[in-house]
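Note sheet for the following structure.
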Amino acid sequence: QVQLVESGGGLVQAGGSLRLSCAASGTIFRINAMAWYRQAPGKQRELVATVTSGGSTNYADSMKGRFTISRDNAKNTVYLQMNSLKPEDPAVYYCNADLAEDYSGTYYRFWGQGTQVTVSS
């Protein structure tokens with residue numbers, strides 16, 4: 001059974017930094033893309049950043065230059081380094097992974113449970 005577990009959320013002052021981690025565990029054959037999303041109260045879940053298995057990255061415009069996504073394939077872990085946090089960044093941050101559990105080549109998207117990020121002004 002596959003699980004994605006996020007960690008690293010918390011309270012930080014505006015302008016500060018946090019590093020989120022998301023580790024995938026269980027029966028894993030291969031992981032393709034991994035991503036971070038966020039959802040603020042009363043808003044839809046939005047994409048933050050994605051990273052492919054080869055390390056190519058993509059960011060939402062409002063996060064470019066402040067957030068950095070990376071991954072450690074050996075550890076099945078994706079990271080999100082968040083710098084210069086703003087009052088509009090608080091949300092629950094979720095990771096996901098497009099993952100195959102066996103050699104059949106069928107990928108499914110798995111989600112973590114989310115980690116809260118709060119920014120004080």
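The values are calculated or read from the model by the stated rules, or taken from the named source; none is laboratory data. The structure presented is a predicted model; accordingly, all values stated were derived computationally and were not measured. Don't worry about glycine lacking a Cβ; one is built from the backbone with ideal geometry, like all the others, and counts go over all protein chains shown. When the accessible area is computed, the model is the full protein with side chains, heavy atoms only, and any ligands, DNA or RNA have been set aside. Shrake-Rupley method; radii C 1.70, N 1.55, O 1.52, S 1.80 Å.
Accessible area of the range 26-80 with a 1.4 Å probe: how many percent of it is carbon plus sulfur? Result for the range 26-80: 44 percent of the exposed heavy-atom area is carbon or sulfur.
Looking at the chain, identify the longest residue range that excludes and avoids all trypsin sites (Lys or Arg not before Pro) in DSSP loops having at most 15 other Cβ atoms within 10 Å.
Values: sites that count: Lys43, Arg45, Lys64, Arg66.
In the chain, the maximal stretch lacking such sites is 67-121.
Computed over the Cα atoms, what is the radius of gyration of the range 61-121 divided by 2.2 N^0.38 Å, N being its residue count?
Numbers: Rg = 14.6 Å, N = 61, 2.2 N^0.38 = 10.5 Å.
Compactness ratio reported: 1.39.
Computed from the C-alpha gyration tensor, the three semi-axes of the ellipsoid equivalent to the range 45-92 are 21, 11, 10 Å, from longest to shortest.
About its Cα centre, the dipole of the range 1-68 is roughly 60 debye, where the only charges are +1 on Lys and Arg Cβ and -1 on Asp and Glu Cβ. The relative contact order of the chain, computed from alpha carbon pairs under 8 Å that lie at least 6 residues apart in sequence, is 36 percent. Under a crude label model (7 Å from the Cα following the beta-carbon direction), how far is Arg19 from Ser56 in nanometres? The two pseudo-label positions are separated by 2.7 nm. Heavy-atom accessible surface of the range 25-121, averaged per residue, reaches 54 Å², computed with a 1.4 Å probe.
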